[in-house]
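The values are calculated or read from the model by the stated rules, or taken from the named source; none is laboratory data. This one's a predicted model, so the numbers in the text were calculated from it and none came from an experiment. Positions of Cβ are backbone-derived with ideal geometry, glycine not excepted, and every protein chain shown enters the neighbour counts. When the accessible area is computed, the model is the full protein with side chains, heavy atoms only, and any ligands, DNA or RNA have been set aside. Shrake-Rupley method; radii C 1.70, N 1.55, O 1.52, S 1.80 Å.
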Amino acid sequence: MKIEKVQSMIKNVLVTGGAGYIGSHVCKALKQHGYTPVVYDNLCSGNQSAVKWGPFVEGDIRDTVLLDDTISKYNPVAIMHFAALIQVGESVTNPSLYYNNNVYGSFCLLEAAREHNIKHMVWYSTAAVDRLPE
């Protein structure tokens with residue numbers, strides 16, 4: 001019974017893109033404030049060695065089955081989303097890749113949050129905003 005009580009006190013936060021530069025610093029801050037960051041990252045631009053403050057799940061935000069399994073397993077109180085592609089030049093030469101990841105992937109994440117009744121979400125973006133292909 002004591003173990004169950006401790007488990008219920010754990011406050012997990014799902015951090016997509018948490019193996020990247022900004023995401024990993026956010027994970028450190030979360031840990032310092034009593035939260036356990038659960039990093040969910042496909043490592044396309046992040047580095048697994050940056051994951052130091054909580055569990056790591058290698059996955060893509062468009063993988064709805066793995067995303068659902070991860071949320072079910074860790075039951076996060078919030079999601080912090082840092083998993084967008086951000087290279088401006090590449091977004092111009094390959095807009096469909098950016099649309100697929102940044103728009104469709106974010107939609108998958110929002111749907112997972114809705115299905116699991118997660119009401120708190122932080123959405124991070126660089127100065128390079130998501131855009132539709134021309």
(request) Skip the ligands, DNA and RNA, and give the accessible area per residue of segment 81-122 with a 1.4 Å probe, whole Å². (result) 59 Å²
(request) Let me know the number of lysine pairs in the chain closer than 17 Å at the Cα, not counting same-chain pairs under 8 apart. (result) 9
(message) Can you sort THR93, THR36 by solvent-accessible area, 1.4 Å probe, largest first?
(response) THR93, THR36
(message) Quick check for you: which residues of segment 20-59 have the amide N under 13 Å from the point 7 Å beyond the Cα of GLN87 toward its beta carbon?
(response) 44-46
(request) Considering only protein heavy atoms, with the full assembly of protein chains and a 1.4 angstrom probe, order TYR40, TYR74, TYR35 by accessible area, largest first. (result) TYR35, TYR74, TYR40
(request) Compute the normalised compactness of segment 1-82: alpha-carbon radius of gyration over 2.2 N^0.38 Å, N being the residue count. (result) 1.06
(message) Leaving ligands and nucleic acids out of the surface, order MET80, MET9 by accessible area at 1.4 Å, largest first.
(response) MET9, MET80
(request) Compute, for ASP69, the solvent-accessible surface of its heavy atoms (probe 1.4 Å) with the complete set of protein chains present, and express it in square angstrom to the nearest 10. (result) 90 Å²
(message) Using a 1.4 Å probe on the protein heavy atoms, what percent of the accessible area of segment 10-68 belongs to carbon and sulfur?
(response) 52 percent
